[in-house]
Amino acid sequence: MHQHFSLLPFNTFGIEVHAQYYERIEQVADLQKVLKTGIQPVMILGGGSNLLLTQDIPGLVVHNAIEGIEIVRKFNNKVWVKVGGGVNWHAFVQWAVKNGLGGVENLSLIPGTVGASPVQNIGAYGVEIKDVFVQLEAVALETGKICRFNKAQCQFGYRDSYFKKEGKGKFCITSVTFSLTQHRHRLQLSYGDITRTLAQQQVENPGIAEISAAIIQIRRSKLPDPAQIGNCGSFFKNPEVDRSVLEAIRTNYPNVVSFDLPDGRVKIPAGWLIEQCGWKGKRVGNTGAYEKQALVLVNYGGATGAEVKALAFAIIDSVWVRFGVRLEAEVNIL
Ligand code: EPU
């Protein structure tokens, strides 16, 4: 076990804070053993790609590095794949695409780990992990017991799950089982960017490999690479509001962008709201809103967590004052 351990290499924002204690675990048994030390509180770290660290972390930080990709069932057109919680998400997507298994190609290049993916029900380009999710195994941090969660128990919502609500901070997700397709993949091309990119590449009958390649290209063109500029992807959720709020905005901003939701409400892209408030590409000290996607806050180098948090609050305030819409962080602020 390490003491006063720097978390700088373990968060994609590239912020330096220290863990009081740190342990990397590769097996469920190692996790159960380290939990027996009784050190409290326990925080589980995956890829650190949805985390803004603003202070040193007391207690024990457990780095989930449980590897393994295993086909556990094949039936009809389906393949169930059990993946270790510490597996890099994109490595799993690449494995699926290489093996001709469909279902996660739209989720290409999302940073982070498989174990973290159900926590916020990661999603992009019309697909969320709930669409391919079968079950997960987790260790209860209080008791060390192994628990299994089916899809209903995970209570998936937009960037949301049981593990962000009642289950918050109580489990380490050690494996996730996904259901992928062997043939007749259900391709999801409804996002305009995908069809535009495929047309540019002159791809006529795209398969999962072409979709994955197109999405990688789109993401690279819009989102900063954390290896070069520290960031955590979208910092805020896209707000879901009543239609009346949208109509009020539309009177002054006829070009407001919105997406209809099944319940009659609408989603307004946070990136649009933030851009209208003048933040896009604006630099404040060592931090700022990314020039190509205002929803992404970045660390230009040497930013503190407090600095990024202050920027986030300033953005929330200005969007509230101008539009009467309350932005909510998607990133976990610790
Ligand atoms: N927009 C602007 N200005 C900006 C950014 C966006 O006006 O600076 C408007 C544009 O009109 C654009 C619309 O917002 O058409 C939507 O933008 P984009 O397609 O980039 O998607 P997003 O809604 O900003 C969401 C997810 C992303 C995901 C993309 C694609 C959330 C919080 N974010 O972003 O997820 O990759 O859709 O599906 O839902 C993440 O969660 O970290 C993430 C990157």
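The values are calculated or read from the model by the stated rules, or taken from the named source; none is laboratory data. None of these values were measured; they are calculated from a predicted model. We place every Cβ from the backbone using ideal geometry, glycine too, and count neighbours over all the protein chains shown. Accessible surface is based on the protein model in full, side chains and every heavy atom, while ligands, DNA and RNA are left aside. Shrake-Rupley method; radii C 1.70, N 1.55, O 1.52, S 1.80 Å.
Kindly indicate the residue of region 259-280 that is out of contact with any Asp or Glu (no Cβ under 7 Å at 6 or more places or on another chain) and in a loop (DSSP other than H, G, I, E, B) and also farthest from the ligand (Cβ to nearest atom) among those meeting that condition. Give the derivation first.
First, pick out the residues of region 259-280 that are out of contact with any Asp or Glu (no Cβ under 7 Å at 6 or more places or on another chain): 259-260, 262-264, 268-279.
Subset that is in a loop (DSSP other than H, G, I, E, B): 262-264, 268-269, 277-279.
Values: 262: 16, 263: 17, 264: 20, 268: 9, 269: 3, 277: 11, 278: 12, 279: 9 Å.
The selected residue is 264.
Grab the strands (runs of 3 or more DSSP E) fully contained in region 1-72, keeping just those with 2 or more residues being touching a residue at least 60 places away in the same chain (Cβ under 8 Å).
Here the list reads 42-45, 57-64.
What number goes with the only condition from (1) under 16 Å from residue 222 (Cα atoms); (2) surrounded by fewer than 17 Cβ atoms within 10 Å (Cβ to Cβ); (3) among the aliphatic types (A, V, I, L, M) that residue 333 does not pass?
Result: residue 333 passes all but (1).
Within region 281-306, track down each residue that is surrounded by fewer than 18 Cβ atoms within 10 Å (Cβ to Cβ) and outside any loop (DSSP other than H, G, I, E, B). First the steps, then the outcome.
We begin by selecting, within region 281-306, every residue surrounded by fewer than 18 Cβ atoms within 10 Å (Cβ to Cβ); these are 281-286, 291-292, 300-302, 306.
Within region 281-306, 283, 284, 306 meet the criteria.
Could you list, in sequence order, the residues of region 65-93 that are more than 16 Å from the ligand (Cβ to nearest atom) and touching a helix residue (DSSP H, G or I) at 6+ places or on another chain (Cβ under 8 Å)?
Selection gives 66, 69, 81, 83.
Go through region 227-251 and give me each residue that's within 11 Å of the ligand (Cβ to nearest atom) and either open to solvent by 50 Å² or more (accessible area, probe 1.4 Å) or closer than 12 Å to residue 13 by Cβ (or both). Even if it seems obvious, please write down each step before you answer.
We begin by selecting, within region 227-251, every residue within 11 Å of the ligand (Cβ to nearest atom); these are 231-240.
231, 232, 233, 235, 240, listed by residue number.
In the set 185, 90, which member is closer than 15 Å to residue 209 by Cβ and touching a residue at least 60 places away in the same chain (Cβ under 8 Å)? Step through it out loud before you land on a result.
Values: 90 fails: touching a residue at least 60 places away in the same chain (Cβ under 8 Å).
None of the others qualify; the one that does is 185.
I need every pair where a residue in region 123-138 that is on the phi > 0 side of the Ramachandran plot has its Cβ under 7 Å from the Cβ of a residue that is near the ligand (Cβ under 8 Å from one of its atoms) and open to solvent by 40 Å² or more (accessible area, probe 1.4 Å), sequence separation at least 6 or different chains.
Partner pairs satisfying both residue conditions: 125/191; 126/191.
How many residues does region 312-322 contain that are open to solvent by 10 Å² or more (accessible area, probe 1.4 Å), touching a strand residue (DSSP E or B) at 6+ places or on another chain (Cβ under 9 Å) and either closer than 22 Å to residue 49 by Cβ or not small (Gly, Ala, Ser) (or both)?
The initial filter retains those residues of region 312-322 that are open to solvent by 10 Å² or more (accessible area, probe 1.4 Å), namely 313-314, 316-318, 320-322.
Checking which are touching a strand residue (DSSP E or B) at 6+ places or on another chain (Cβ under 9 Å) leaves us with 314, 316.
Restricting the remaining residues to those that are either closer than 22 Å to residue 49 by Cβ or not small (Gly, Ala, Ser) (or both) gives 316.
Counting residues in region 312-322 that are open to solvent by 10 Å² or more (accessible area, probe 1.4 Å), touching a strand residue (DSSP E or B) at 6+ places or on another chain (Cβ under 9 Å) and either closer than 22 Å to residue 49 by Cβ or not small (Gly, Ala, Ser) (or both) gives 1.
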